[in-house]
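*Asks:* Okay, here's the structure, questions in a sec.
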Amino acid sequence: MPVGPDRLPWPTVPAAAGCLVVRRAGPPDDWPTLLVTMPFMDVDRPSIQVGLLKEIGTAHGFPVRTLHANLDFAARIGPDRYRLLSEHRGRMLGDWLFSRAAFGDAAPDPAGAMLADIAVDFTYLGESLDDVRRMLLKIRDDDVPAYLDDLLAARRGWKSPCRTCRRVP
């Protein structure tokens, strides 16, 4: 559904062919930008998209930072295990691993019951089904929250461009 100019939270001006051009309030250095490479992106190849976007933003005067959060997560759970999990195609394992940290008890599977159905998809990890269940629960319940806490702690004091967002204390 298209969003009309009257519903956008920033000033716009009409442009050719019915497009909108966003008019920034203030100079570009008032708009710090953070580009994030999230888990489960490849740890062996940098994101060309993030690199290009950083250079484009910087060339236009924006203070742009990059955060390779995928590398931090790989370091926490181990690069070999990370690679195996990131190569998985099929069920949305990454979403499940981060769901509890994002939604708490409102997560779609707070007890981890889904593992009874999907653990067999991960036998390529070279462990028994029980070991796979324990490993995935440990990543979800221990590693992900610790990873996110460390990620936030390392970024305290970063200036947020959003006036309505909660700043990291």
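*Asks:* Can you work out which of the residues in segment 54-83 that are surrounded by 15 or more Cβ atoms within 10 Å (Cβ to Cβ) and hydrophobic (A, V, I, L, M, F, W, C) is nearest to the chain's Cα centre (by Cα)?
*Replies:* ALA69
*Asks:* Could you say which residue among PRO9, PRO2, PRO46 is modelled with pLDDT of 75 or more, over 30 Å from VAL120 (Cα atoms) and either hydroxyl-bearing (Ser, Thr, Tyr) or in a loop (DSSP other than H, G, I, E, B) (or both)?
*Replies:* None of the other options fit; the residue is PRO46.
*Asks:* Does segment 119-136 contain at least one residue that is surrounded by fewer than 16 Cβ atoms within 10 Å (Cβ to Cβ), in a loop (DSSP other than H, G, I, E, B) and modelled with pLDDT of 90 or more?
*Replies:* Checked against the condition, which is being surrounded by fewer than 16 Cβ atoms within 10 Å (Cβ to Cβ), in a loop (DSSP other than H, G, I, E, B) and modelled with pLDDT of 90 or more, segment 119-136 yields no hits at all.
*Asks:* Restricting to segment 87-100, name every residue that is in a helix (DSSP H, G or I) and either farther than 15 Å from MET38 by Cα or acidic (Asp, Glu) (or both).
*Replies:* ASP95, ARG100
*Asks:* So is ALA74 without any contact (Cβ under 8 Å) to a residue 40 or more places away in the chain, assigned to a helix (DSSP H, G or I), in contact with a helix residue (DSSP H, G or I) (Cβ under 8 Å, 6 or more places away or on another chain) and within 19 Å of LEU148 (Cα to Cα) or not? Explain how you work it out, then say what you get.
*Replies:* Details: without any contact (Cβ under 8 Å) to a residue 40 or more places away in the chain: yes; assigned to a helix (DSSP H, G or I): yes; in contact with a helix residue (DSSP H, G or I) (Cβ under 8 Å, 6 or more places away or on another chain): yes; within 19 Å of LEU148 (Cα to Cα): yes.
Considered against the rule, which asks whether it is without any contact (Cβ under 8 Å) to a residue 40 or more places away in the chain, assigned to a helix (DSSP H, G or I), in contact with a helix residue (DSSP H, G or I) (Cβ under 8 Å, 6 or more places away or on another chain) and within 19 Å of LEU148 (Cα to Cα), ALA74 comes out as yes.
*Asks:* Check whether at least one residue in segment 96-116 is assigned by TED's automatic domain parsing to the domain that holds ARG134 and among the acidic types (Asp, Glu), and report yes or no.
*Replies:* Narrowing segment 96-116 to residues assigned by TED's automatic domain parsing to the domain that holds ARG134: 96-116.
Checking which are among the acidic types (Asp, Glu) leaves us with 105, 109.
Yes, the conditions are met somewhere in segment 96-116.
The values are calculated or read from the model by the stated rules, or taken from the named source; none is laboratory data. Since the structure is predicted, the reported quantities are computational estimates derived from the model, not experimental observations. Cβ sites come from the backbone with ideal geometry, for glycine too, and all protein chains shown count toward neighbours.
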